[in-house]
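The values are calculated or read from the model by the stated rules, or taken from the named source; none is laboratory data. Note that this is a predicted model, so its numbers are computed, not measured. FYI the Cβ positions are ideal-geometry reconstructions off the backbone, even for glycines, and counts take in every protein chain you see. All accessible areas refer to the heavy atoms of the entire protein, side chains included, with ligands and DNA or RNA removed. Shrake-Rupley method; radii C 1.70, N 1.55, O 1.52, S 1.80 Å.
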Amino acid sequence: KKILLISTSKEENAQSKIDKEKVLIMNDSCHYPLGLAYLYSVLEQAGHEVQYLFFSEHAYEDCYNEIKEKLETFSPDIVAFQILTFNRVSAYRMIEYIHEKYPLVNLIIGGIHTTVMHQSIIKKYPYVIAVLAEGELTILELVKELSQPSLNLHSVDGIVFSENGIIVKTRSRELIKNIDEIPFPK
């Protein structure tokens, strides 16, 4: 599978004028998405073609334009978003855009905001699949299941999805006890 991992830009509406000017100084070391770096490594190790986009300190317009370009050039099968409270609005906008323009692309969301707010997010976006808590093992199983001719999301622990208008939460997944069992983050 071709998988695109994205951490979108901060919510610009909540920033002051001074902060908006600082956004133009693109500091990619701020809020580095370590969770996405781990996901990248486990997916790549499993043989998937993975790319990622990280826009924490970038203006939303730049984020939007680069994601649009990457969707055209990379043509992912799956797009996964890291949703944190400070980037939730830009992530939601991009999820809506991708769902409208690329309805066959599977959309996965994760991150702390997703884990805490999964009920309301799935209610609003019933076409996404939410990964709760740690996602390294869950995403491997989920991507494998999304590749099957007959989909059975109930078999994947640690996710939430909508099925016929009903929100389904599968069994919780145990936390990884030994971090050395997964590859070093990319």
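Being among the aliphatic types (A, V, I, L, M) and surrounded by 15 or more Cβ atoms within 10 Å (Cβ to Cβ) is the requirement here; does residue 116 meet it?
no
Tell me the residue from 109, 122, 139 that is open to solvent by less than 70 Å² (accessible area, probe 1.4 Å), part of a helix (DSSP H, G or I), hydrophobic (A, V, I, L, M, F, W, C) and in contact with a helix residue (DSSP H, G or I) (Cβ under 8 Å, 6 or more places away or on another chain), please.
Result of the check over 109, 122, 139: 139.
Does residue 22 count as exposed (fewer than 15 other Cβ atoms within 10 Å of the Cβ), at negative phi, modelled with pLDDT under 95 and not in a strand (DSSP E or B)?
For residue 22, the condition - exposed (fewer than 15 other Cβ atoms within 10 Å of the Cβ), at negative phi, modelled with pLDDT under 95 and not in a strand (DSSP E or B) - is met.
Out of all the residues in region 142-151, is one or more in contact with a helix residue (DSSP H, G or I) (Cβ under 7 Å, 6 or more places away or on another chain), at pLDDT below 95, part of a loop (DSSP other than H, G, I, E, B) and not β-branched (Val, Ile, Thr)?
Yes: region 142-151 contains one or more residues that are in contact with a helix residue (DSSP H, G or I) (Cβ under 7 Å, 6 or more places away or on another chain), at pLDDT below 95, part of a loop (DSSP other than H, G, I, E, B) and not β-branched (Val, Ile, Thr).
Quick check on residue 123: is it of a type in the set (Lys, Arg) and under 17 Å from residue 48 (Cβ atoms)? Even if it seems obvious, please write down each step before you answer.
Details: of a type in the set (Lys, Arg): yes; under 17 Å from residue 48 (Cβ atoms): no.
The answer is no for residue 123.
Those residues that are more than 14 Å from the chain's Cα centre (by Cα) and closer than 11 Å to residue 10 by Cα, I need them from region 62-85; list them, please.
63, the sole residue that qualifies.
I need the full set of residues from region 77-105 which are closer than 18 Å to residue 142 by Cβ, surrounded by fewer than 20 Cβ atoms within 10 Å (Cβ to Cβ) and touching a residue at least 40 places away in the same chain (Cβ under 8 Å), in order please.
77
What are the residues in region 32-76 that are open to solvent by less than 30 Å² (accessible area, probe 1.4 Å) and in a loop (DSSP other than H, G, I, E, B), if any?
33, 55, 56, 57, 58, 59, 76
Mind checking which residues of region 157-175 are surrounded by 14 or more Cβ atoms within 10 Å (Cβ to Cβ) and either within 19 Å of residue 38 (Cα to Cα) or at pLDDT below 95 (or both)?
If the condition is that a residue be surrounded by 14 or more Cβ atoms within 10 Å (Cβ to Cβ) and either within 19 Å of residue 38 (Cα to Cα) or at pLDDT below 95 (or both), then 157, 158, 159, 173 are the ones that fit.
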